[in-house]
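Step one of this worksheet: look at the structure below.
The values are calculated or read from the model by the stated rules, or taken from the named source; none is laboratory data. Source: prediction; values computed, not measured. Cβ coordinates were reconstructed from backbone atoms using ideal geometry, including for glycine residues, and neighbour counts include every protein chain displayed. Calculation scope for accessible area: heavy atoms of the full protein, side chains included, ligands and nucleic acids excluded. Shrake-Rupley method; radii C 1.70, N 1.55, O 1.52, S 1.80 Å.
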Amino acid sequence: MTAAQQRALDDNWGRWGLEAAAGQLAPEQAFGRSAPLVLEIGFGMGLSLLEQAASQPQTNYVGIEVHPPGVGKLMQEMVAAGVDNIRVYRDDAVVILRECIADQSLDGVQIFFPDPWHKKRHHKRRLIQPDFIAMLRDKLVPGGFLHVATDWENYAEYALEVLSADPVLENTAADGTYIERPRERPLTKFEARGERLGHGVWDLMFRVPD
């Protein structure tokens, strides 16, 4: 963690940080307003989440990231950009979902470029698992979305299989597979570089029926 990231974290955690120990999240209290609520799991260094929040100020965003430099970097950039519609948990996503996020409280969940754990013996470590997806699904309001993006084709196929097997979620893709990248998901520098090299990216968008 750089000194600037640490300073941003120290200076702004009281304003934008959320604590698991505080129990169930009260969005109107955390944000000071009532607005659609989107959760992003594993935002990395946070630049994509920042861009999205800046372009959609009418939406409240909650990010979960266990990597302290990423949290510090996000808060550093939030200060620089004047963005105030993101709140952050620095904890395990399963813990936060279980203890802090009420059922039917999220308008959307985003999981962008999760660790693919590409070796077969490591697949059990993948974030996308049937039980985890069921937990996420229960947190979504009717009509709420689950958006997954990956640059590993094998993981995309695996995620499609897991999500399609859920008894409630519906695939929004017309052909039952993948969608084009929505405008709402910023193109990351990593992704843009991959596109120039001919690497693919797969977006999956599922919804809870209204």
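Filtering region 1-41 to residues that are crowded, with 19+ Cβ neighbours inside 10 Å and part of a loop (DSSP other than H, G, I, E, B) leaves only Leu25.
Just one residue in the set Val141, Val168, Val201, Val148 is in contact with a Pro (Cβ under 8 Å, 6 or more places away or on another chain) and either open to solvent by 20 Å² or more (accessible area, probe 1.4 Å) or farther than 30 Å from Glu19 by Cβ (or both); that residue is Val168.
So in region 51-94, with the set limited to residues that are hydroxyl-bearing (Ser, Thr, Tyr) and within 21 Å of Lys189 (Cβ to Cβ), which one is surrounded by the most Cβ atoms within 10 Å (Cβ to Cβ)? First the steps, then the outcome.
Going through region 51-94, the residues hydroxyl-bearing (Ser, Thr, Tyr) turn out to be 55, 59, 61, 89.
From what is left, the residues that are within 21 Å of Lys189 (Cβ to Cβ) are 55, 61.
Numbers: Ser55: 12, Tyr61: 24.
Checking each candidate, the answer is Tyr61.
Ala173 satisfies every condition listed in (1) open to solvent by 20 Å² or more (accessible area, probe 1.4 Å); (2) over 19 Å from the mean Cα position of the chain (by Cα) except (1).
Can we say Glu180 is open to solvent by 100 Å² or more (accessible area, probe 1.4 Å) and under 26 Å from Gln56 (Cα atoms)? Explain how you work it out, then say what you get.
Numbers: open to solvent by 100 Å² or more (accessible area, probe 1.4 Å): yes; under 26 Å from Gln56 (Cα atoms): yes.
Taking the combined requirement at face value, the residue satisfies it.
Restricting region 8-54 to residues that are charged (D, E, K, R) and out of contact with any Gly (no Cβ under 7 Å at 6 or more places or on another chain) leaves a set whose member that is nearest to Ile111 (Cα to Cα) is Glu51. Under the condition of being in contact with a Lys or Arg (Cβ under 8 Å, 6 or more places away or on another chain), farther than 22 Å from Thr2 by Cα and not in a helix (DSSP H, G or I), the residues counted in region 45-89 number 3. When Arg193 is tested against (1) in contact with a Ser or Thr (Cβ under 6 Å, 6 or more places away or on another chain); (2) open to solvent by 40 Å² or more (accessible area, probe 1.4 Å), exactly one condition is not met: (1).
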